[in-house]
Structures are given as structure tokens and as C-alpha cells.
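I have placed the structure first, in the form of C-alpha cells, so that the comments after it can refer back to it.
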Amino acid sequence: MIKAQVSLKDNNYYSFSCTGHAGYGYKGNDVICAAVSVLVINTANSIEKLTECNFKSYNDGDKIRYEFNSIPDEKAKLLMDALVLGLKEIQKEYGKKYLELVIS
């Protein structure tokens, strides 16, 4: 199962982390892993390239995490909203057996 966690403080995004494997398909052919990976990597890259927000990122191969150094601007918030929407839709379509999204 993939576990994605979004942390909020005062209704502002603080951090995001994602770990695990969906186990939906064979390695290299798992559509859930591929979809989540695209959403997560594209969001991090977009925040870095298209916004003025600074964040720290960590990736050890099994877990990716990024933490905002300050309150995200409107562009970064919109990108994070899109990430959360995409993850919610994947979870709704395939179930918590493969993706668990926790927002706290």
C-alpha cells in the first residue's frame, strides 16, 4: 500500500510525504504506483520551477518528503490542492487497499 500524508497548519500546507508501493500490478506495470509517482514528482517540480516557495525535499528511494520553509504562496497552494485532488480520486477509484491518503 502507498501511504501519502499531507500536513496542514492553520489551513496552510506544511509538508507532504509518500511511501510504499501499491501492489496493484507487477513491478514496472503498476498503474497506481505510476499515477501517484507522476502526481508527486510533477507537483514538487512545479512548485520548484513555477513558484517562489522554498521547500526542503528528502528522497531515500523508498520515501519522498517535502516541507515548506514558509507559508506556500497561492500558486504552490493551488498545485498542492491539485495533488490532493488527484490522490483522492485515485483512492476513491481503487480503494484504501492500494492508496491511503491522510490529511492532518
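The values are calculated or read from the model by the stated rules, or taken from the named source; none is laboratory data. What you see is a predicted model; the values in this text were computed from it and never measured. Backbone-built Cβ (ideal geometry, glycine too); neighbour counts: all protein chains shown. We work out accessible area using only protein heavy atoms, side chains counted, and drop any ligands, DNA or RNA first. Shrake-Rupley method; radii C 1.70, N 1.55, O 1.52, S 1.80 Å.
Between residue 100 and residue 48, the modelled labels are 2.9 nm apart [label points 7 Å from Cα along Cα→Cβ]. Put simply, the amide H of residue 22, placed in the peptide plane, has neighbours under 5 Å in 2, 33, leaving out anything fewer than 5 places away on its chain.
Using 20 Å as the Cα-Cα cut-off, could you pick out the over-long pairs in 9/92; 27/92; 9/49; 49/75; 77/97? Violating the 20 Å Cα-Cα cut-off are 9/92; 27/92; 9/49; 77/97.
Given the DSSP H assignment, sum -39500 (n - 2.57) over each helix run of at least 4 residues in the chain and divide by its residue total; what's the result at 222 nm in deg cm²/dmol, nearest 500?
Values: 2 runs with 41 residues, N = 104.
That comes out to -13500 deg cm²/dmol.
For the stretch 1-57, just say rounded, prolate or oblate: build the C-alpha gyration tensor, square-root its eigenvalues into a ≥ b ≥ c, call rounded for a/c under 1.5, and beyond that prolate if a/b exceeds b/c, oblate if not. Since a/c reaches 1.5 but b/c is at least a/b, the shape of the stretch 1-57 is classed as oblate.
With charges only on Cβ, +1 for K and R and -1 for D and E, what is the dipole size of the chain about its Cα centre, in debye, rounded to 20?
In total the dipole reaches around 260 debye.
What angle do you read, to the nearest 10 degrees and between 0 and 90, between the alpha-carbon axis of helix 74-94 and the longest principal axis of the chain? With both axes taken from Cα atoms, the answer is about 20 degrees.
Over the chain, what is the mean sequence separation of C-alpha contacts under 8 Å (at least six apart), divided by residue count, expressed as relative contact order in percent? Intermediate values should be presented prior to the final figure.
Details: 159 pairs, mean separation 40.0, N = 104.
Relative contact order comes out at 38 percent.
Helix 31-50 axis versus longest C-alpha principal axis of the chain: approximately 10°, rounded to the nearest ten. Only one residue of 99, 55, 70 has its Cα farthest out toward the positive end of the dipole of the chain, where Lys and Arg carry +1 and Asp and Glu -1 on Cβ, and that residue is 99.
Say the dipole of the stretch 1-87 comes from +1 at the beta carbon of Lys and Arg and -1 at that of Asp and Glu; which of 28, 18, 39 then lies farthest toward its positive end? The residue sitting most towards the positive pole is 28. Rounded to the nearest 10 square angstrom, residue 74 shows an accessible area of 140 square angstrom against a 1.4 Å probe. For the stretch 20-69, averaging the sequence separation of C-alpha pairs within contact (under 8 Å, six or more residues apart) and dividing by the residue count gives a relative contact order of 24 percent.
The convex hull of the Cα atoms of the chain, projected and averaged over all directions, covers 6.1 nm².
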